[in-house]
Every structure is written in structure tokens, then in C-alpha cells.
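The values are calculated or read from the model by the stated rules, or taken from the named source; none is laboratory data. Remember, it's a predicted structure, so these values are computed and weren't measured experimentally. Reconstructed Cβ throughout: ideal geometry from the backbone, glycine too, with neighbour counts over all protein chains shown.
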Amino acid sequence: MPLLELREITKAFPGVLANDRVSMRLERGEIVALLGENGAGKSTLMNVAYGLLTADSGEIRVDDQPVKIKSPRQAIDLGIGMVHQHFMLVEPLTVTENIVLGREPGRYGIIDFATARQRVREISERYGLKVDPDAKIMDLSVGMQQRVEILKALYQGARVLILDEPTAVLTPQEVTELFRVVRSLVDEGLSAVFITHKLEEVVAIADRILVMRDGAVVGETTPGDTDEIGLARMMVGRDVVLRIEKGASTCGEAVLTVADVHVLDDRSLEAVKGISFSVCGGEILAIAGVDGNGQRELVESIVGLRRPSSGTITLKDKDITRANARASIEAGVSHIPEDRHRRGLVLEFDLAENIILGDHRTPPAAKNGIMHPKAIAELARKRIADYDIRTPSEHVHADNLSGGNQQKVVVAREIGRDPDLLVAAQPTRGLDVGAIEFVHKQIIRERDAGKAVLLVSLELEEVLSLADRILVIYEGQIVKEFVDADADAETLGYYMTGGGGSKFASDGSNVQAIETPPTGGNE
Amino acid sequence: MSAAEERPAAPRDWASIAQKVGTPIASVVLAILIGSLIMWISGYDPVAAFAALYQGAFGTPKAFGDTLLKSTPLILAGLGLAYGFRANLFNIGAEGQLFMGGLAAAWLGLMLAGQPWFVSLPLLILAAMLAGAAWAFIPAILKARIGAHEVITTMMFTYIARYLVSWLVVGPLKSPGQIPQTGLLPVESQLPRIQSLFSEATLQAMPFLKLGRAHTGIFVALIAAVIVWLVLKYTTLGYENRAVGYNPFAAETGGISVQWTTVKALCISGALAGLAGAVEVMGVHHRLFDQFSSGFGFTGIAVALLAKNHPIAVVPAALLFGALSAGGGTMQLMADVPQKIILIVQALVIFFVAAEGIITYFIKQRQKEVTSHAG
């Protein structure tokens, strides 16, 4: 008897059939992975099960009984818990307070904190989810916060745990730990649904894999019966290159030189504490690190969005330390921002208007302050064709495109400008395999054209797949340099989490070593 | 990539235009209906009232002239507000810039006595726009440099402007006599009435040209609407203005100075408001006194809202508010309905336009209910 069963669920949004008669079942003690590209309908299906969306038609059964789930409250009462990609925790409150929130033990409005803490401790011990019940959420790491979310679902009596892209924010070590936790929960008799578009995770954790495409289930398999290549083919509907082949880099002259740069963050704390490196033409230099270790501030200082407090940044022979964004673009720096919605696109603009952003003052877009709509449309159509942007026309508003196509617009604009230096910050964040493959190919093409590429990424796979050289950033300093071949995910993860100590870059001799570009890209 | 990635787009077709126009029209209709209900409950005859209002706003060429007269400063102030809104700036102090524009036009008009009209008219208009822009400049700089909110600062500047004008018309600029006002502008500094452009014979032949007090400022306003539309659509200035309004972070990343764009937007908004003050002084009163604007700067907010910040749509929106204002008197006279009820209708229009989100929300709720029953 399945614990949770969805039968023929159909859900349409205006113009999109997000779920087209989708059925799935979940047995007790089972981990089912829902695999699919962005927009395949995975999250829609699970939001229906969790009561965030109501299906147009179809049936939900729990313990073989038909149920109506109209709100998360009802889902929770039926034993269905969900951990969202973005945590829903109250930061200044403690772990215990967050877990019992909404179901506080006690009477007459007075919370019985002793009992609450006791229960949280019980659950956390029973499932091996160690966490300090009195710690404040804001003092916890992302991995620990996720654990609190899981504990919260368990406290509310979840028998089914839906995890929506749970690994997107975690370090490799945290991912391993999460997998261990989920496995032990399932051993205790719980069931889990794992939403993801990452192939290696599916193979590592799932008992059964449901592959979705275009709102429908296109296949069901088990990790034993397939591999990542097979899954990717099922998911995308064609063969996909997971790790792009690239030739050896031909390192030319130094294009970008960053020398002892210090940068303050928004709170005026030093986020970048004296970083030096250089990137040469024809090389992809990756900066790997856990989010929040100064990458954002470093990137912003290079592209002219933030002024370094000291140090110098040089592009070819030009000092761009104090350049603003406009001067930076004009000097030959392109920037794929880490957040396409915040910095990359004006969502209310149409594609043509977005494609000229940053080049909107100069021909062909404009001359003497007057814009040339025909030339702009022509340029937009060319970019749409060259970069395979899926859109009915160049007049479609950016927010009507899928994430992958939106990112292609940003990539088309930034690479289309033909820069000397491409700064790509998390260029594939939230993209599915097909789009990732495309973006990666474009970045490598830039490198092969002799351009300097600075890649900043939290995704180790991406770093390992693209980089000719890797710098690991930790707490605002470069703590380790790898030259392509001698890096692996484990070692990188070790240094990213502070394993190597943080004093590497402050040692003068090592800074010297980093400043010298490797000859031929390999040692 | 998969076909599901291609979500339906919003091409520039008639359906999307109809949708854009739909809400404002629905708001106006709803406002009139609810206004009628209020009249009916209060014991008035709404049909007679609106018939009288229509008569007073459009019934005769002279009535239509009054509508144009009231609409002229509303178009200009509405354009100013709309331009600011496009940069995500709420120039709530347009009234103050309007006062400064009126002041500049009146003062310079008196100074330029004896100059021919083709010298004085352009100079007055330019001076009024500069004065409006200057009055917006300080709040603009405060916003750009230290983030002081323009709603507070421009509002405060409105008080300064109004009291400054009040003082000037009882003090330095006061003309001899009992009434606190400036002297009459020389004819060369006045915007002529439309009907004065035609000969008596022409007016006899084409009586619809007898537009009464309507003055040539309406052409200034219409030209301004077209220029603002062209600027927003076809210039780098307008592009940067819209980019900053929609997403300042993306604009900044694209090399646009958000601060400088903010300053420009508020000053242009102020210039248009100043122009509104100038046409009111030059076209209607021909002098300055402290009550020369009946809150056009504030009504301009409603005009911009109703027009959804589209410069061309500002024209019909301003005509609507102008008509309500011009027809209100006739309504009181003929149907014995208090003119104040017009303010209720105006308020309702604004309410429904602003409440678009609420209406959309109710529609969505309804859809959700329907679907859950189907499930």
C-alpha cells in the first residue's frame, strides 16, 4: 500500500500545462527522486501534494484514502512535510522556537519552553540530527539551517519528507551529511521525495527515479539500471555532454592583474583581505569558494560596481581600480552577474532592450542620444539566432522567458560585446543540464578565442570542468591554488571550508607564486 | 531545450493593449456606478446629475473649452508625474514646482513688458521649466546623495513654494490695489485664447471653434505629451530612465549612473510641472496670486496613475479629470447635486486604479476556487 499516491494530476498555468496527467506513488521507507530540467513540472507536482497549489484535476491518496489537500496545514496534518529551497525560518529566534513555531506546547498562550526543548532534543537524537536547540538561526550554517527545517517537519509529524532542490546551497561535505541524514530517516520508516536536476545526486541517493519532461513523466528507473548519461538523455530528450572536452589553454599576456586588493562589504567590513592574482588571455581562472567568502565583493570591485579600499586592478595596461561600471564596460570588461534577475536583466524590458543594456549609448544601438529601434531589433535577432535563445520574437518581455533562456540573453549580451575579459559569476546558477552545457561551451569558446575568463562559482563540478587554474577563496583570502589536473572535489571542498588554514595568501612568498601565471596552463 | 521552456510570451498585440486599457476604463465605469449609488442613496437623481455633468463638460463648444482649460495644466503635471514614476520616483511635490513655474512666468512676463510675443512667450516657458526643474533639483540631489525620500522632500518644498508665492503677492510683487496679486501680464506674454486666433467670420461659419476660455496652452501640453513619449521611447535618456525605474541594480550593472538618472528624472518632472504653472498663469489668469492653482499638481498624480504613466494616455486621463471639474458646476446648477460629489467620483477613480492589485487578487481567488471544485 503506497503511503502517498498522486493520480493523473493535471495543473495548467496560463499558457503552460505544468503537469499533464502525472502519476507517482511513494512507498513507506523509500526515496523517490524527481528528476527534470527547470520548468519540467517537478516543483508544481510537489506543491500540489503539499497544498500550495490546487490541481485542476486528478486525485491525491494518502494511505490509500482519497484526500483533498488545499493548504500546507492540511498536508502537515496528513503527515506530509516539505523543505523548501529557500528556508522559511525566523532568523533571530532559536532553533527550538523555530521548530515549535505554530505548534507550541503550553497553555493559555504561555509556551512551555522546557517541554519544547525536550521534544526537540528527543527528535534530534532519535534521527541522529544533532543541533544545538538554543542556537539562534542566524548563527547557524546553511547546512544546519536545513537540518532545522527537516527537524521542524519531523516535529510536525511528517511521514513523507519533500525536499525541493535541497543541495543547491550546500557544500560537498554538507551534501554528504544530508544524504546520510535522509538515509537514516528512511531507515526509521519515513519516506522522502527528492526534487533535483543534478544527476549525480539522484544516482547517489534515490531508490527509484522518476524523470519528468514538459510536464509529464517520461521515464521511471532505478540507479542500478542506468547511469548519469542515460538519465541526462531521458531528462533532456537528446544526448548531452556532461563534462565538456577542452584543449590545453594557450596562455598569452596577462589581461587582468589584481594586486593586493582589499574590498569592504555593505556593512563596511573587510570582505576581501588582500587578494592578488592575474588572468592571462586564453585562460579560464576559477575562483572556488563557499558563498559569502568575499567572491561577490571581489567581482564587484573588478567590474566597477564597488571601489576597492586599497590595491590595484589592471586591465592590460590600463588601471581600472577606480573605474565605474560604465568605464569598466568601455575598457573591455564583460560581466555575467551571479543573479540574473537582480543584476543581469531588466525583467520588464523586452529582449531587444535587454540585449543592448550597457551598449545602449553607442552605435548600433544609439547615436547622439537617439536610439535606433531598427538596428536594435536587428542586433537582437542576430543574438537570438547566434545564442539559440528560444523566444517567439525580440519583443517578448524578459520575464516571460524560462531561466535558461534568460541566462542566454545575459550571456549573449556580455559575450556578444567581444570583451577582453569575461567575468562570469555563477553563470549557470539554477540552470538545467542542457542550458549549462550551452553556457559552458560559450565560455570555453571565449577562452579559445584568446580572451581572459574569470569564473566565480560555488559549483565544484563547474569549476573542475571549466577551469585551467583554480584559486580557492576562504574568508576573503586566497588559500590555495590548483592547476587543473591536480584538483578534485574532495580536496577543493576541504580548502573551501577553511581546511588549509587561511594564512596562505598573507604569506608574501606565496603571493608571488600566485601572481606568476603558469606557463602553458599546466605544470 | 524542451518546448515547455517556451512559455507564452506577451507580444505587442491588440489583446495586451486591450488589457492595459481595460483596467483604467473599468475603474472609471465602476467609479461612476458607485458615485451614482451614493447620489441615489443621498436622494439625488444620478441620471440627471451625470447628464448635467456631461452637458457642462461637452454639451457646447464653450463647455468643451472649459474642459480643455482645466485639462491643460493637468496634462502637463500628469506628464511630469508619469516621467518621474517611470524612474520609480514619486514627485508628490509637483504642486510646488508648478507654483515656482507660475512665479517665474509671471515675474519674467512683467519684466519683459514691451517685447514682442515671439520673444516673450518662449522665454517665459523656458524660465518656468527651469524654475520647476530648479525647485526639484535640491530634493533630487538629496535623494541621489544621501537617499532622502523624494516624497518627504518635494512635499516640504511645496510648502516653501506656496508660502513664497503668498508672500511675494502681498509684498514685493504686489500690484497697487486691495487684492494680493501681481499686475496683469502684458498681452505679448499671454497665451491667446483659441477662438481669438480666428476671424469673426470663421467663427460664424464654424461655431464649434467658439471654445470660450480655452487657450493655446493646450497645444503646448499636447506637444509636450508627444515629446515626453518620444524621449521615453527613442532616446538614451528615456531608456536609462526606464531601466533605473524598473531595476536600478541591473541598470547600474549596465553602466548607468542611478544617481545621475534620478537627478535628471526629478528635474524633468519638475520642469513639466513648472510648465503647467506657466500655462495656467499665461493662459488663464494672466497674473499671479496665491490661489492660482486648484491643486493641479496633486490631481496630476491621479492623472498619471490613471494613464499608467504612458505619456500619450495622460491626455485622455487629464481630459476626464478636466471634464469632471468643468462639468461639476453645471451639475450643481442644473441637477442640484453638490459639486463636492465630483470629488467622491474622482477619489473612486483613483481608488480603483490603485486597487488594480486587489481586483486581480479577487479574480485569482475566484479562479482558484473554480479549479479546486473541478479537482
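Only one of (1) surrounded by 23 or more Cβ atoms within 10 Å (Cβ to Cβ); (2) within 23 Å of residue A:202 (Cβ to Cβ); (3) at pLDDT 90 or above fails for residue A:40. Which number is that?
It is condition (3) that residue A:40 fails.
Let me confirm something: among B:321, B:292, which residue is in contact (Cβ under 8 Å) with a residue 60 or more places away in the chain and farther than 27 Å from residue B:122 by Cβ?
Among B:321, B:292, only B:321 is in contact (Cβ under 8 Å) with a residue 60 or more places away in the chain and farther than 27 Å from residue B:122 by Cβ.
Could you look through segment A:342-355, keep only residues that are more than 8 Å from every other protein chain (Cβ to nearest Cβ), without any contact (Cβ under 8 Å) to a residue 60 or more places away in the chain and outside any strand (DSSP E or B), and pick out the one that is surrounded by the fewest Cβ atoms within 10 Å (Cβ to Cβ)?
Filtering segment A:342-355 for residues that are more than 8 Å from every other protein chain (Cβ to nearest Cβ), without any contact (Cβ under 8 Å) to a residue 60 or more places away in the chain and outside any strand (DSSP E or B), the one surrounded by the fewest Cβ atoms within 10 Å (Cβ to Cβ) comes out as A:352.
Return the only residue of A:31, A:69, A:80 being within 11 Å of another protein chain (Cβ to nearest Cβ) and buried (at least 17 other Cβ atoms within 10 Å of the Cβ).
Sole residue among the options that is within 11 Å of another protein chain (Cβ to nearest Cβ) and buried (at least 17 other Cβ atoms within 10 Å of the Cβ): A:69.
Can you tell me which residue in segment A:395-419 is nearest to residue A:347 (Cα to Cα), limited to those that are more than 9 Å from chain B (Cβ to nearest Cβ) and either polar (S, T, N, Q) or not in a helix (DSSP H, G or I) (or both)?
A:406
When you scan segment A:161-178, do you find a residue that is modelled with pLDDT of 90 or more, assigned by TED's automatic domain parsing to the domain that holds residue A:23, more than 29 Å from residue A:495 (Cα to Cα) and buried (at least 18 other Cβ atoms within 10 Å of the Cβ), even just one?
Yes: segment A:161-178 contains one or more residues that are modelled with pLDDT of 90 or more, assigned by TED's automatic domain parsing to the domain that holds residue A:23, more than 29 Å from residue A:495 (Cα to Cα) and buried (at least 18 other Cβ atoms within 10 Å of the Cβ).
Pairs please, first residue from segment B:238-251 and more than 7 Å from chain A (Cβ to nearest Cβ) and more than 21 Å from residue A:303 (Cβ to Cβ), second anywhere and part of a helix (DSSP H, G or I) and among the β-branched types (Val, Ile, Thr), Cβ atoms under 7 Å, 6+ apart in sequence or on different chains.
Correct list of pairs: B:238/B:231; B:241/B:261.
Considering only segment A:280-310, state which residues are under 24 Å from residue A:494 (Cα atoms), of a type outside the set (D, E, K, R) and away from chain B (no Cβ under 14 Å).
If the condition is that a residue be under 24 Å from residue A:494 (Cα atoms), of a type outside the set (D, E, K, R) and away from chain B (no Cβ under 14 Å), then A:284, A:285, A:286, A:287, A:288, A:289, A:290, A:292, A:293, A:294, A:295, A:298 are the ones that fit.
Here is a yes/no grid of residues against (1) modelled with pLDDT of 95 or more; (2) within 13 Å of another protein chain (Cβ to nearest Cβ); (3) in a helix (DSSP H, G or I); (4) within 25 Å of the chain's Cα centre (by Cα):
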position	(1), (2), (3), (4)
B:174	no, no, no, no
B:195	no, no, yes, yes
B:202	no, no, yes, no
B:225	yes, no, yes, yes
B:229	yes, no, yes, yes
B:256	yes, yes, no, no
B:262	yes, no, yes, yes
B:267	yes, no, yes, yes
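To keep it simple, each residue is scored yes or no on (1) among the acidic types (Asp, Glu); (2) in contact with a Leu (Cβ under 6 Å, 6 or more places away or on another chain); (3) in a loop (DSSP other than H, G, I, E, B).
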site: A:149; (1), (2), (3): yes, no, no
site: A:154; (1), (2), (3): no, no, no
site: A:158; (1), (2), (3): no, no, yes
site: A:169; (1), (2), (3): no, no, yes
site: A:175; (1), (2), (3): no, no, no
site: A:182; (1), (2), (3): no, no, no
site: A:189; (1), (2), (3): no, no, yes
site: A:195; (1), (2), (3): no, yes, no
site: A:201; (1), (2), (3): yes, no, no
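As an exercise: evaluate residue B:79 against (1) within 14 Å of chain A (Cβ to nearest Cβ); (2) modelled with pLDDT of 95 or more and give the number of the one condition it does not meet.
It fails just one condition, (1).
Consider segment A:83-106. How many of its residues are surrounded by fewer than 21 Cβ atoms within 10 Å (Cβ to Cβ), within 15 Å of residue A:162 (Cβ to Cβ) and hydrophobic (A, V, I, L, M, F, W, C)?
Here the count works out to 2.
Do the conditions hold for residue B:173, that is, is it buried (at least 18 other Cβ atoms within 10 Å of the Cβ) and of a type outside the set (Lys, Arg)?
Against the criterion (buried (at least 18 other Cβ atoms within 10 Å of the Cβ) and of a type outside the set (Lys, Arg)), residue B:173 qualifies.
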